[in-house]
1. Per-residue HN-Hα couplings for segment 271-278, Karplus 6.51 cos²θ - 1.76 cosθ + 1.60 at θ = phi - 60°, whole Hz, x for Gly and Pro?
2. Can you list the residues, at least 5 places off or on another chain, whose amide H is less than 5 Å from the amide H of residue 249, using H built in the peptide plane?
3. Which aspartates and glutamates, if any, have their Cα less than 20 Å from the Cα of residue 250, not counting same-chain residues under 8 positions apart?
4. What is the spin-label model distance, in nm, from residue 262 to residue 83 if the labels are put 7 Å beyond Cα along the C-beta direction?
5. What list do you get for 124, 214 if you sort them by fewest beta carbons within 10 Å?
6. Quickly work out the residue 319-to-residue 73 label distance, labels modelled 7 Å from Cα along the C-beta direction, and quote it in nm with one decimal.
7. Applying 1/(1 + (r/R0)^6) with R0 = 45 Å to the Cβ-Cβ distance of residue 25 and residue 163, what FRET efficiency is obtained, to the nearest 0.05?
8. For the chain, give the share of DSSP beta bridges that are antiparallel, in percent and rounded to the nearest 5; count only bridges with both residues there.
Amino acid sequence: MENMSTVLKSGLKLMEDYDPELASALLNEQNRQKEQLVLVASSSVANPNVLFSQCTAAINTTAEGYPGARYHAGCINVDKIERIAIERAKSVFNATFANVQAHAASTANLSLISAILQPGDTLLGMDLSSGGHLTHGAPASFSGKGYNSISYHTNADGIIDYEEVFSLARKHKPKLIICGTTAYARQVNFEKFNEIAMEVGAYLLADISHIAGLIIAGKHPSPIDLAHFTTTCTHKQLYGPRGALILGGKLTEAAKSPNGDMSLERLIQRAIFPHFQGAPVMNRISALAHSLKFNSTEEFKNLATNIQRNARTLADGLKKKGYKVVSDGTDTHIVLIDLINKKMSGYVTEKALERCDIIVNKNRVPGDTTAAFVSRGIRLGTNTISYRQFTEHNIEKIIDIFDRVINEIIPVSEKEFSISESFVQSIKKEVRELTAQHPIPGY
């Protein structure tokens, strides 16, 4: 490890000397993350060991194929690295199968969709405004082009309308059903989705990118044995590098490919390589292996408990302040706010909060007819602040700061607003005092 440390130190010195412009931008980004209050639900923090793992010589190895069956020599060590990642993924999720090579969860989803469906086949996924993801059949995505994409929605209470899912599945007989969300704060009933898929003879894909950590910690039911395919990104709630897992359980073992000519495990392997990707990124897979070790610890389970507790405290506190919380609360790390009673757009709210060093993202909400880049809501998440060991007491402070900023904004249009600069500076001071009390571990 001493030699690797020397290489990294040498690289850092060369970067500072040879490319100071880029070195400065990288340092500024690290400082931004340390100083700002990041409430983006789709992000977290990679610990220093994960960062280190991505900076190793494993990046130099070309390793097309899978462990023991590569198309290049020199893979003896990266084979071991990938096998470690696979076994750890299977262990933490109680899965029987794991592919660790997908570059992103979107890639994993699209690889599976293209492997299962033929042009014109029917896909049933969650509507974007109800909380679904682009890759679940949205018109703007590959998943919504070339296939007969049907969408289910949430009901008036902001909960997935399972009766509608049943009705649409019976009517359209989809070949693939996707259950999973990107802006949905309540538990997903995977047993219900399994029942629906089994009745209509559909494959079931569960995308758990936002709740993977809660599932590992037992804070949310697992779909591993209820879905044919389970996908997740590895950075949101696993605190690892950017990438993805495709996992399988009992259904994966029992079922066959659409043509019946291969196992689903084989279908998955081929869907990633050679169909969608070439050589895997081995330094990323080494970082993933390390993050999965962290995911197996009691420390991680305690973190997941705090993620959920902090989100519930945040949702309850905002409701008391008069905010419309979609689905009236949360079971996860997400708090989704409908700004309809505040008479300002998600775009304006996001930009005003950013000026005050509070980072959120605008997001469409159920019934939202505005453009996605404008939106009627904002999405908050507690992954990052929980990793920084924010407590329920700190959440109350965040709610107070958040509410004061919202009440200071003067909307002019969907994309324009005014806010007092002296007020902005005073809030930034409060935010930086708060984040200084809870530094990112190791940063």
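1. Ordered by residue, 3J(HN,Hα) equals 5, 7, 10, x, 5, 10, 10, x Hz.
2. For residue 249, whose amide H was placed from the backbone, the distant partners under 5 Å are 96.
3. Straight-distance partners of residue 250: 87, 191, 195, 199, 207, 225, 261, 265.
4. 2.3 nm
5. Details: 124 29, 214 22.
Neighbour counts put them in this order, fewest first: 214, 124.
6. 6.5 nm
7. Values: r = 51 Å, r/R0 = 1.13.
Rounded to the nearest 0.05, the efficiency is 0.30.
8. 60 percent
Coordinate-derived values only; no laboratory data. Worth saying up front: this structure is predicted, and the values here are computed from it rather than measured. As a convention, Cβ positions derive from the backbone with ideal geometry for all residues, glycine included, and neighbour counts pool all protein chains shown.
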